[in-house]
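Student: Shown below is the structure under consideration.
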Amino acid sequence: MTNTSRPAAAASTGQPEFDADRIVGSIRDGFERGLTRPLEWRRNQLNAMETMLRENADQLLAALAVDLHKPATEAWTTEIGFTLSDIDHQRSHLAKWSEPRKVKVPLAFQPATARIVPEPKGVVLVIAPWNYPLQLLLSPMAAAIAAGNALVAKPSELAPATSEALVELCAKYLDTTTIAVVGGGVEESSALLDQRFDHIFFTGGTRVGKIVMHAAAEHLTPVTLELGGKSPAIVAADADVEVTARRIAWGKFVNSGQTCIAPDYVLVARPLRDRLVEAIEQSVTAFYGADPHASADYGRIISDDHFERVSALIGGEGSGTIAFGGTSDPSDRYIAPTVLIDPDLDSDVMTNEIFGPVLPVICVDDIDEAIDFVNGRDKPLALYIFTDDDTTAQRTIARTSSGGVSINGTLLHIGPPDLPFGGVGPSGMGAYHGEAGFETFSHLKSVFDKRTKPDLKVLYPPYTSMKERLIKLLQ
Ligand code: NAD
């Protein structure tokens with residue numbers, strides 16, 4: 001049974017020991033015994049995950065508040081509530097998604113039938129980040145369970161209160177012979193990556209994503225990489241400034257900017273710039289009051305290192321003019337919602353993912369310039385286009401590539417469960433949510449089914465001109 005992050009004590013040091021070999025071995029044993037394949041097991045585990053969230057919501061909300069100062073309503077919406085919907089969606093569709101799918105058989109191969117049979121990949125590894133530490137651990141877990149896999153999952157050490165709660169609760173509620181949620185940081189993650197898995201699902205930064213892919217290559221393990229990047233918000237000349245400002249401000253400053261699909265920077269039609277910045281400031285005041293530091297609804301930066309990193313972007317070389325915000329307090333890792341105008345394009349704030357409450361605003365002359373700007377950089381995880389003109393929206397979507405798009409909104413394309421969620425190029429590979437998640441954790445096995453009779457001899461040698469004519473006719 002595997003249910004803790006540090007199950008054994010090393011005899012020599014008395015220090016707890018992380019035994020990845022033993023953890024993964026025991027989970028693989030559970031998979032090989034066939035425990036996870038029955039649909040009943042999958043439903044039971046999803047039910048248990050739901051019960052775990054409902055019965056311990058207060059404890060989990062408190063942990064999220066400790067780690068990120070997440071307001072309870074926001075934490076419910078983006079973490080617990082989001083995950084509950086995901087669990088429900090997986091649970092109610094898994095029987096249908098698991099069914100064999102009949103496909104057509106060309107005349108030349110008949111009589112026969114053919115079908116695609118989804119089967120669980122096996123033992124999967126889920127590695128989660130700290131910014132939505134509950135959702136980004138449990139949501140991939142739910143998809144892996146729905147597809148009938150055994151799994152090992154590791155939350156982020158940078159959200160310790162949530163991570164500890166999840167390790168403890170998953171051991172209490174879920175089947176520990178087939179599901180191990182283990183705590184730990186880089187060392188434990190590296191030890192797990194040395195093991196052989198049948199799929200690795202990683203959410204985190206590009207740098208670590210490369211480490212994960214290297215490790216997976218050793219075992220030829222398929223990977224899903226949910227990474228980050230700089231997601232642009234393009235504001236066209238015809239955009240509704242007030243609504244646009246409100247939606248950008250919400251998407252950017254929720255969770256203090258620590259959202260993988262937060263708008264990283266704004267490209268705005270030049271004549272709208274000042275009105276837009278003013279309206280974003282008004283939205284921030286409406287959301288968080290005149291002093292966001294005193295607001296119960298505004299988050300904090302996860303760690304001192306990230307606080308230093310994000311603070312340095314404000315007032316850093318070439319970082320542009322501070323339109324509003326710009327203040328910070330290291331004692332509780334507060335950084336004010338901040339807008340920077342016209343930073344240098346080669347400055348740190350414009351060359352790295354910001355992942356904090358700092359929003360650079362850059363003017364463009366027209367939509368084509370915005371499109372060229374985006375296409376000159378890495379493919380982003382999300383792209384936002386604000387316009388009431390459908391042609392402008394469609395042209396922008398058609399001429400750019402990004403993991404996902406919201407038109408006249410931010411973050412929202414992550415919501416509908418039938419929209420696959422994932423990046424493209426440097427922002428990631430693979431996708432999940434809904435059926436896309438089920439398929440990510442399934443092998444789609446092709447099954448061709450022929451009776452022994454009749455046994456037509458057309459395909460067998462010797463090849464005669466008659467057979468050749470027949471084959472050409474049938475193919
Ligand atoms: P991270 O890459 O530093 O860490 C993610 C996980 O990897 C953690 O569990 C950590 O313990 C582990 N890890 C760290 N270093 C490791 C190493 N050397 N070897 C093995 N494992 C290691 O990411 P983070 O700081 O937790 O999260 C922020 C990043 O994640 C941002 O870039 C953000 O855009 C991205 N992100 C993406 C999504 C998405 O869905 N695409 C969602 C949230 C965050």
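Student: The stretch 306-373: D in µm²/s via Stokes-Einstein (Kirkwood Rh, Cα pairs, 4 °C, 1.567 mPa s)?
Tutor: So the translational diffusion coefficient is about 104 µm²/s.
Student: Rounded to a whole number, what is D in µm²/s for the stretch 256-356 from Stokes-Einstein with the Kirkwood radius over alpha-carbon pairs (4 °C, 1.567 mPa s)?
Tutor: Roughly 92 µm²/s, to the nearest whole number.
Student: Tally up the carbon and sulfur contribution to the accessible surface of the chain as a whole percent, 1.4 Å probe, everything protein left in place.
Tutor: Reported share for carbon and sulfur atoms: 54 percent.
Student: Given the C-alpha atoms of the stretch 186-243, compute the convex hull and give its volume per residue in Å³.
Tutor: 121 Å³
Student: Using a 1.4 Å probe and counting only protein heavy atoms, arrange Arg395, Arg273, Arg54 so the residue with the most accessible area comes first.
Tutor: Arg54, Arg395, Arg273
Student: Calculate the spin-label point distance for Glu242 paired with Thr351, positioning each point 7 Å from the Cα along the beta-carbon direction, and give it in nanometres.
Tutor: 4.1 nm
Student: Let me ask you something else. So how much accessible area does Arg196 have, in Å² to the nearest 10, using a 1.4 Å probe?
Tutor: Roll a 1.4 Å probe over it and Arg196 shows about 120 Å².
Student: Okay, moving on. What residues from the stretch 106-126 fall in the zone where the backbone N is under 12 Å from a label point 7 Å along the Cα-to-C-beta line of Leu456?
Tutor: So the set is 106-112.
Student: With axes computed from alpha carbons, what is the tilt in degrees of helix 465-474 against the longest principal axis of the chain, rounded to the nearest 10 within 0 to 90?
Tutor: Helix 465-474 sits roughly 40 degrees off the main axis of the chain.
Student: Could you tell me the ratio Rg/Rh of the stretch 75-131? Both radii from Cα atoms, Rh via Kirkwood.
Tutor: My calculation of the ratio gives 1.22.
Student: Still on this structure: Taking amide H atoms as placed 1.01 Å from N in the peptide plane, list the residues 5 or more away in sequence, or in a different chain, whose amide H sits under 5 Å from that of Ile261.
Tutor: Distant-sequence amide H within range of Ile261: zero hits.
Student: Hey, another quick one. Two decimals is fine: what's Rg over Rh for the chain, C-alpha atoms, Kirkwood radius as Rh?
Tutor: Reported Rg/Rh, Kirkwood definition of Rh: 1.05.
Student: Which order do Cys170, Cys260 take when ranked by solvent-accessible area (1.4 Å probe, heavy atoms of all protein chains), largest first?
Tutor: My answer, sorted largest first, is Cys260, Cys170.
Student: Over 24 Å apart: what share of the alpha carbon pairs of the stretch 231-422 falls there, rounded to a whole percent?
Tutor: Here the long-distance tail beyond 24 Å is 33 percent of all Cα pairs in the stretch 231-422.
Student: Give me the accessible area of Val458, 1.4 Å probe, in Å² rounded to the nearest 10.
Tutor: Accessible surface of Val458 is approximately 30 Å².
Student: May I pose another question? Suppose R0 equals 30 Å. What FRET efficiency, 1/(1 + (r/R0)^6) with r the Cβ-Cβ distance, do Glu40 and Asp449 give to the nearest 0.05?
Tutor: Numbers: r = 26 Å, r/R0 = 0.88.
With R0 = 30 Å, the Cβ-Cβ based efficiency is 0.70.
Student: Any idea what the relative contact order of the stretch 231-422 is, in percent, if you count C-alpha pairs under 8 Å spaced at least 6 apart?
Tutor: On the way: 374 pairs, mean separation 53.5, N = 192.
Answer for the stretch 231-422 is 28 percent.
Student: For the chain, take the longest principal axis of its alpha carbons; what is the angle in degrees between that and the long axis of helix 390-399, to the nearest 10 within 0 to 90?
Tutor: 60 degrees
Student: Here is a follow-up. Which angle from 0 to 90°, rounded to the nearest 10, does the C-alpha axis of helix 135-146 make with the longest principal axis of the chain?
Tutor: 10 degrees
Student: Could you run the Debye sum over the Cα atoms of the stretch 17-116, one equal point scatterer each and no solvent, and tell me log10 of I(q)/I(0) at q = 0.18, 0.20 Å⁻¹, two decimals?
Tutor: -1.00, -1.04
Student: Is any residue of the stretch 161-198 close enough, with backbone N under 13 Å, to a label point placed 7 angstrom from the Cα of Asp305 along the Cα-Cβ axis, and if so, which?
Tutor: 185-187
Student: Sticking with this structure for a sec: Beyond 16 Å, what share of the Cα-Cα pairs of the stretch 390-475 remains, rounded to the nearest whole percent?
Tutor: 73 percent
Student: Which percentage, to the nearest 5, of the DSSP beta bridges contained in the chain is antiparallel?
Tutor: If we restrict to bridges inside the chain, about 40 percent are antiparallel.
Student: Same structure, new question: Report the gain in length on full extension from Arg115 to Thr391: 0.36 nm times residue separation, minus Cα-Cα distance, nm rounded to one decimal. Let's see the in-between values first.
Tutor: Numbers: separation 276, 0.36 × 276 = 99.36 nm, distance 4.10 nm.
The Arg115-Thr391 span can extend by a further 95.3 nm.
Student: Same structure, new question: Would you mind telling me the antiparallel percentage of the DSSP bridges in the stretch 231-422, rounded to 5? Mind showing how you got there, number by number?
Tutor: Details: 5 of 24 bridges.
Antiparallel bridges: around 20 percent, rounded to the nearest 5.
Student: Which number do you get for Rg(Cα) / (2.2 N^0.38 Å) in the stretch 302-341?
Tutor: 1.12
Student: Leaving out ligands and nucleic acids, note down the accessible area per residue over the stretch 231-422 with a 1.4 angstrom probe, in whole Å².
Tutor: Result: 40 Å² per residue.
Student: What FRET efficiency comes out for the pair Thr73/Arg196, r = Cβ-Cβ distance, R0 = 35 Å, nearest 0.05?
Tutor: 0.25
Student: Can you pull a Stokes-Einstein diffusion coefficient for the stretch 267-310 at 37 °C (0.692 mPa s), Rh from Kirkwood over Cα pairs, as a whole number of µm²/s?
Tutor: Here the translational diffusion coefficient equals 262 µm²/s.
The values are calculated or read from the model by the stated rules, or taken from the named source; none is laboratory data. What you are looking at is a predicted structure, and each value in this text was computed from that prediction instead of being measured. Glycine gets a Cβ as well: all are built from the backbone with ideal geometry, and neighbour counts include every protein chain shown. Side chains included, ligands, DNA and RNA excluded: accessible areas come from the protein's heavy atoms. Shrake-Rupley method; radii C 1.70, N 1.55, O 1.52, S 1.80 Å.
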